[in-house]
Amino acid sequence: MRKQTKELIRKKMDYCLPHEHPKTHRRFSFLILVCMVCLFYPDCEINAMEREKKFMPGFSGDIQPMVGIGYSKSISKVSDENKQINSLGQDAASETIYTPFILWKVEYTFKNNATQIYAGTPTENFIEGNFLLETGLRQKLSNGTVLTAAWIPKIPLLDDEVWKDPFLLGSDRVETDRYSQAFRVGMESILNTPLTLKYGFGKQEIDDEQSGDYLAGLPGSSLTLQDQELLKRDADYHQVEVLYGIGLGKQLFFRPGLYYMLGNAEGDANSFNEFNGQVTLFYATGHYRFHGNISFGKTKYKAVNPVFGQTRDDLKYSFMLGGERTAPFGWKNFSVSVFTRYSRQDSNIGFYDEKAIMAGLGLILKF
């Protein structure tokens with residue numbers, strides 16, 4: 001009987017082999033959509049006039065009601081369509097989401113034209129996770145360098161969810177909250193050049209971690225308590241960014257960037273090193289602004305994942321196109337914006353393959 005049970009477990013684990021099954025993909029979530037929309041408006045830091053506008057005394061900001069649509073597939077991410085799975089290598093059901101949301105940002109610059117406090121939707125995601133609100137301080141120095149310090153707080157009601165045990169088979173998987181917060185410091189427009197350096201530190205906490213409980217509880221399972229320790233997802237993150245803007249004429253801007261992230265998870269199977277390269281193009285003419293973004297990254301994990309018997313290794317790539325039309329119908333303080341984005345992650349472990357396609361349309365009120 002014990003031998004038959006072990007054989008049953010082995011067959012279930014065989015489903016995990018990525019070369020034997022179609023790739024699975026990432027679900028689209030409201031929080032990821034919000035974060036990706038934030039990337040739609042890259043700062044053209046090489047434009048001196050734009051830098052000066054950032055430090056005009058008084059209040060400024062914008063409100064952006066938007067409507068988004070996203071299509072995705074994933075077996076590892078939380079999704080109503082994939083709550084129950086029968087093998088770790090099965091294909092995920094697709095999911096399409098339509099959702100309205102509001103982005104906002106408010107800034108106050110003091111009369112010295114050099115000190116600014118701000119809060120609102122972040123302009124970029126600098127650690128792994130989903131963040132909606134950033135609050136911080138900018139200080140412009142006499143040599144043109146802008147120092148920044150920011151806090152991305154915990155927002156429990158808005159943070160995303162993960163499965164308590166992602167590897168549960170044959171029954172509905174249960175969600176649990178994932179709480180994240182981060183801090184960031186940076187130097188922008190260093191010595192009045194388009195060079196930017198940033199460092200971010202973040203934390204992730206899983207409310208109820210049960211990864212591997214189901215497999216470990218099967219009769220004759222070879223998954224030990226030590227193996228389950230390797231699967232824990234609470235983590236600290238460190239990220240360094242280097243960005244440099246290049247002007248190609250008065251209207252076209254080109255900005256390459258390099259990113260390095262270190263993830264120190266409680267479980268070594270979820271600890272990683274990630275390198276990412278990104279190129280952004282921005283073109284403005286008359287009432288129109290256009291934006292394009294391409295990124296490519298590689299993530300190498302530290303230890304063998306005991307569920308799959310492999311060390312995880314991911315390739316990530318994405319591109320985004322967007323546009324903005326200022327003063328539609330002669331409305332001076334308004335803009336209409338639209339964007340579309342495609343992202344994909346290919347892993348040597350098919351369970352972690354991800355894919356998402358999203359688009360959004362919105363109206364911006366600037367003040």
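Descriptive notes on the structure:
- Some residue of the range 195-202 being under 16 Å from ASN305 (Cα atoms) and within 26 Å of the chain's Cα centre (by Cα): no
- Filter result for TYR342 (closer than 14 Å to SER72 by Cβ and without any contact (Cβ under 8 Å) to a residue 60 or more places away in the chain): yes
- Matching option when the condition is within 21 Å of the chain's Cα centre (by Cα) and exposed (fewer than 14 other Cβ atoms within 10 Å of the Cβ), among PHE275, PHE329: PHE275
- Qualifying residue in the range 225-240 (condition: among the β-branched types (Val, Ile, Thr) and in a strand (DSSP E or B)): yes
- The range 188-214, residues that are loosely packed, with under 15 Cβ neighbours inside 10 Å and in a helix (DSSP H, G or I): LEU191, ASN192
- The listed residues are THR121, THR145, and the only one of them that is among the hydroxyl-bearing types (Ser, Thr, Tyr), in contact with a strand residue (DSSP E or B) (Cβ under 7 Å, 6 or more places away or on another chain) and modelled with pLDDT under 85 turns out to be THR121.
Each row is one residue, and each column tells you yes or no for (1) of a type in the set (A, V, I, L, M, F, W, C); (2) surrounded by 15 or more Cβ atoms within 10 Å (Cβ to Cβ); (3) under 18 Å from GLU95 (Cβ atoms); (4) in contact with a Leu (Cβ under 8 Å, 6 or more places away or on another chain).
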position: PHE334; (1), (2), (3), (4): yes, yes, no, yes
position: GLN345; (1), (2), (3), (4): no, yes, yes, yes
position: ALA356; (1), (2), (3), (4): yes, yes, yes, no
position: GLY360; (1), (2), (3), (4): no, yes, yes, yes
position: PHE367; (1), (2), (3), (4): yes, no, no, no
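- Those residues of the range 232-250 which are exposed (fewer than 14 other Cβ atoms within 10 Å of the Cβ) and polar (S, T, N, Q), in sequence order: none
- Scanning the range 70-83 for any residue that is crowded, with 18+ Cβ neighbours inside 10 Å, at pLDDT below 90, touching a Ser or Thr at 6+ places or on another chain (Cβ under 6 Å) and of a type in the set (A, V, I, L, M, F, W, C) turns up nothing.
- The set of residues in the range 263-316 being under 30 Å from SER335 (Cβ atoms) and not in a strand (DSSP E or B) consists of GLY286, HIS287.
- Of all residues in the range 350-366, none satisfies being part of a loop (DSSP other than H, G, I, E, B) and hydrophobic (A, V, I, L, M, F, W, C).
- Residues in the range 209-224 that are more than 16 Å from SER171 (Cβ to Cβ) and of a type outside the set (Gly, Ala, Ser): GLU209, PRO219, LEU223, THR224.
- Any hit, the range 215-230, residues being surrounded by fewer than 17 Cβ atoms within 10 Å (Cβ to Cβ), touching a residue at least 24 places away in the same chain (Cβ under 8 Å) and hydrophobic (A, V, I, L, M, F, W, C): yes
The values are calculated or read from the model by the stated rules, or taken from the named source; none is laboratory data. Computed from a predicted structure; not experimentally measured. Glycine also receives a Cβ, built like all others from the backbone with ideal geometry; neighbour counts cover every protein chain displayed.
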